[in-house]
Amino acid sequence: MTTVRALMSALVCALLPVQSTPAQQPPAPPRQDQPEILRVQTELVQTDVMVFDRQGRFVSDLKPEDFELSIDGKPRQVEFFERVTAGSPSEETQLAAARGASRKGAANSTGPVPLDRGRPVFFYIDDLHLDPSSVYRTRNLLTKFVDQEMGQNDEAAITSASGQIGFLQQLTDNKTVLRAALAKLVFRNYSIKDSDQPAMTEYQAWRLDNYDRDITDYFVDETMRNNPGITRESALSMVMNRAHALLAQAGRITSDSLAGLEGLVRSAKSIPGRKLVFFISDGFFLDGRNSDANYKLQRITSAAAKSGVVIYSIDARGLVASLSDASSPSQFDPSGRLQRASMGELSASQDGLNALARDTGGKAYFNSNALEPAVKRALKETSTYYLLAWKPNQETKESRKFHRIEVKVPGKPGLTVQVRRGFFGVEPAPAANKTRRNTKQVPVASAPRIELSKVMNQPFPEREIPIALSLNYLNVPEKGSMLSASMQVPREFFSFAPVNGKETAVVELGGTVFNAKGQAGAKFSDRITITAVTPETKGQDLAYGHPIFLGPGLYHVRVAARDEKSGRAGSAHGWIEIPDLSKGQLTLSSVLLGTRPSMLSEAAQNRQDALASIGLSVDNRFPSGDYLRFLVLVYNAARASADAKPDVAIQLQIVRDDQPVVTTPLKKVSVEELTDLGRIPYAAEVSLAGLPSGRYLLRLTAVDRVNKTSASQQTRFEIQ
């Protein structure tokens, strides 16, 4: 029991410090995420390609000489070629190699698919073009993805064109956040309505504007019948004015929807690797005369090429027999002109979905009530791709026109090539911002904090300086729930310079806590001077912890660090849910992790000073073969009627790639010598020996055997 108490004390104390202190640990091992990977400057342009056979299977044995690449119809030599597994640990390294490669080929790995794959997946919900039944189907589709299809290391974001999901539309692996985002997805009525008679639909207006004789004659005849005495020319003018007003309204809605998608695609550029975006919509019309939809599609295609994004479109209407519904006013037309004109409405509404997918290297899925297979197939199809890099000429780089990309596999009939169709050499300038700028001079002293705030408020973490963020909570007697935001910053990214004969670096640190609505609450900032006493200490990481007392709720924490001399900065984001213990339900605190080196002697293992030297891990990276130590507190355990004591048992599971690799039997939690039975600590350790390097999930499940309830808590860690 003394050992357990000492371990608990050590881990809890590691969670509490407010002051910033450098972590006392050995120099960090070399990292794979060196910033040089992100700062490579090169003349090569990357193009990722997928090739499938007639059965829809990825063709995995192609070589560089099998491909024929052309830009605007002119052939380009493939300077770099490699097969890449999306989400694998090596993907970012392969992409960096392509940006800086001078070789003409690379070894084509045909080995097994690596473990620990994690992929960023975005769902862009075009709720400006969704009817109520489509919203329902979409919500069910995404619920199944979150609950059943989302991998252990995947991250997902659920966003909408209207912005109704708000602050929750962020990339995360936290399923609580994703479920909260889905709960905000409701029907919003943005449909185009025409109050005149006979009622005109958007598609009919589009056909009118394109001089469809059947539609034009029908509406002109009906307008003359409803307005006796007017001439045919006046009736035609009235009909065309109605059509133009309707199309202008529809064009604004479509433009807003595509602008949101473009913003998402562009912002995803900062995320390493290939990104998959699902565009879910009821469709829209590509009206080149009254909207900028076609131009927007080109901009999205170009942005996707530069951000590494592939779009898969899904028609949320499912299997559609007719676009007319019960709310549509019936129109009597014995001549059959309306029926003839409406025959192409469904396919026309799907043209935009098809163009988005085809031009960004993806696919479109139409006319099926089973939407889940579309998501599964897209995830499988985009899991592997060929990376081709080529050198653009000066005209391609400097031209403002849209350049067409074409990739073929000549001599191999029956293969389907999916590739992005084009890009702008020089991106068109955005619309001028006429808002008057604030010319007030920023005080020099606050400038670093403003730069730090800019980095912190980016939609995705900035990795120029990689930061590990650990968010943990526990309930402190007489104070309530405490959130500890701990960050670890590698010192090799700091700029040391001699000051008074010592190597010194200055680091700005900051953080902000937001609630689920995006409202900023607690903030912290600090300026730390780091002195390297020896060359060895110069390589040690910097650890910083800040405790915050908060009420129950879902919180988002953003932290950032900036090297004062070089101006380099990095950030990290994280979510945490603090439960409401007043409900009296069985609940667990965060799982706090530490490690014990395997070489400690048995005597040293049991010494309190040795236990106290093992602090809370921030990055949760542990050497293979060490012992993983953990602590969790059990709240609100029921008392047995016989002895008024709780009866709680805990089971541990270690999971890799959604498969359990370690499962322990239930073990009773001792409550002897405890005076506060409302907070029952459980501490133990598990050997990491025999577990290969990779990313894991540690899951603890507590079973209250008095009232037959259970609660779980989990945390991620990595074996190096």
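Taking Ala572 as meeting all but one of (1) outside any strand (DSSP E or B); (2) modelled with pLDDT of 95 or more; (3) of a type in the set (Gly, Ala, Ser), write down the number of the exception.
Checking Ala572 against (1) outside any strand (DSSP E or B); (2) modelled with pLDDT of 95 or more; (3) of a type in the set (Gly, Ala, Ser), the one that fails is (1).
Are there any strands (runs of 3 or more DSSP E) wholly within segment 456-524 with 3 or more residues that are of a type outside the set (Val, Ile, Thr), and if so which?
468-476, 480-489, 502-515
Would you mind telling me which numbered condition in (1) assigned to a helix (DSSP H, G or I); (2) among the acidic types (Asp, Glu); (3) modelled with pLDDT of 95 or more Glu577 fails?
With respect to (1) assigned to a helix (DSSP H, G or I); (2) among the acidic types (Asp, Glu); (3) modelled with pLDDT of 95 or more, Glu577 is out only on (1).
The rows are residues; the columns are (1) in the same structural domain as Glu345 (by TED's automatic domain parsing); (2) over 22 Å from the mean Cα position of the chain (by Cα); (3) closer than 26 Å to Phe366 by Cβ; (4) surrounded by fewer than 16 Cβ atoms within 10 Å (Cβ to Cβ).
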position: Gly151; (1), (2), (3), (4): yes, no, no, no
position: Ala157; (1), (2), (3), (4): yes, no, yes, no
position: Pro198; (1), (2), (3), (4): yes, yes, no, no
position: Val239; (1), (2), (3), (4): yes, yes, no, no
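Mind checking which residues of segment 261-280 are out of contact with any Ser or Thr (no Cβ under 7 Å at 6 or more places or on another chain), farther than 26 Å from Ala389 by Cβ and surrounded by 19 or more Cβ atoms within 10 Å (Cβ to Cβ)?
Leu261, Phe278, listed by residue number.
Pick out the one residue from Phe122, Phe167 that is crowded, with 22+ Cβ neighbours inside 10 Å, over 16 Å from Arg188 (Cβ atoms) and in contact (Cβ under 8 Å) with a residue 40 or more places away in the chain. If you could, list the steps in order and put the result at the bottom.
On the way: Phe167 fails: crowded, with 22+ Cβ neighbours inside 10 Å.
Just a single option satisfies the conditions, and that option is Phe122.
Against the condition touching a Phe, Trp or Tyr at 6+ places or on another chain (Cβ under 9 Å), closer than 19 Å to Asp48 by Cβ and either surrounded by 24 or more Cβ atoms within 10 Å (Cβ to Cβ) or assigned by TED's automatic domain parsing to the domain that holds Ser349 (or both), how does Ser302 come out, does it pass?
yes
Somewhere in segment 501-520, is a residue among the aliphatic types (A, V, I, L, M), surrounded by fewer than 17 Cβ atoms within 10 Å (Cβ to Cβ) and not assigned by TED's automatic domain parsing to the domain that holds Asp619?
yes
So that you can scan it fast, the table gives a plain yes or no per residue for (1) of a type in the set (Lys, Arg); (2) within 30 Å of Ser133 (Cα to Cα); (3) exposed (fewer than 13 other Cβ atoms within 10 Å of the Cβ):
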residue: Phe187; (1), (2), (3): no, yes, no
residue: Tyr203; (1), (2), (3): no, yes, no
residue: Arg207; (1), (2), (3): yes, yes, no
residue: Tyr211; (1), (2), (3): no, no, yes
residue: Arg225; (1), (2), (3): yes, no, yes
residue: Pro228; (1), (2), (3): no, no, yes
residue: Ala235; (1), (2), (3): no, no, no
residue: Arg242; (1), (2), (3): yes, yes, no
residue: Gln249; (1), (2), (3): no, yes, no
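Specify the residue that is modelled with the highest pLDDT; the eligible residues are those in segment 633-685 that are in a loop (DSSP other than H, G, I, E, B) and closer than 30 Å to Arg119 by Cα.
Applying the filter and picking the extreme gives Thr664.
Need at least 2 residues that are farther than 24 Å from Lys517 by Cα per element, so show me which helices (runs of 4 or more DSSP H) inside segment 170-268 make the cut, counting only ones lying wholly within it.
Numbers: elements: 175-183, 202-209, 213-226, 232-267.
Output list reads 202-209, 213-226, 232-267.
Testing Leu691 on (1) surrounded by fewer than 15 Cβ atoms within 10 Å (Cβ to Cβ); (2) in contact (Cβ under 8 Å) with a residue 40 or more places away in the chain; (3) more than 24 Å from Asn472 (Cα to Cα); (4) under 37 Å from the mean Cα position of the chain (by Cα), one condition comes back false. Which one is that?
Of (1) surrounded by fewer than 15 Cβ atoms within 10 Å (Cβ to Cβ); (2) in contact (Cβ under 8 Å) with a residue 40 or more places away in the chain; (3) more than 24 Å from Asn472 (Cα to Cα); (4) under 37 Å from the mean Cα position of the chain (by Cα), only one is false for Leu691: (1).
Using beta carbons and a limit of 6 Å, which pairs, at least six apart or on different chains, have the first residue in segment 269-294 and in a helix (DSSP H, G or I) and the second one buried (at least 16 other Cβ atoms within 10 Å of the Cβ) and among the small types (Gly, Ala, Ser)?
Every condition considered, the pairs that remain are Lys269/Ser307.
The values are calculated or read from the model by the stated rules, or taken from the named source; none is laboratory data. Treat the numbers as computed from the prediction; the structure is a model and nothing was measured. Reconstructed Cβ throughout: ideal geometry from the backbone, glycine too, with neighbour counts over all protein chains shown.
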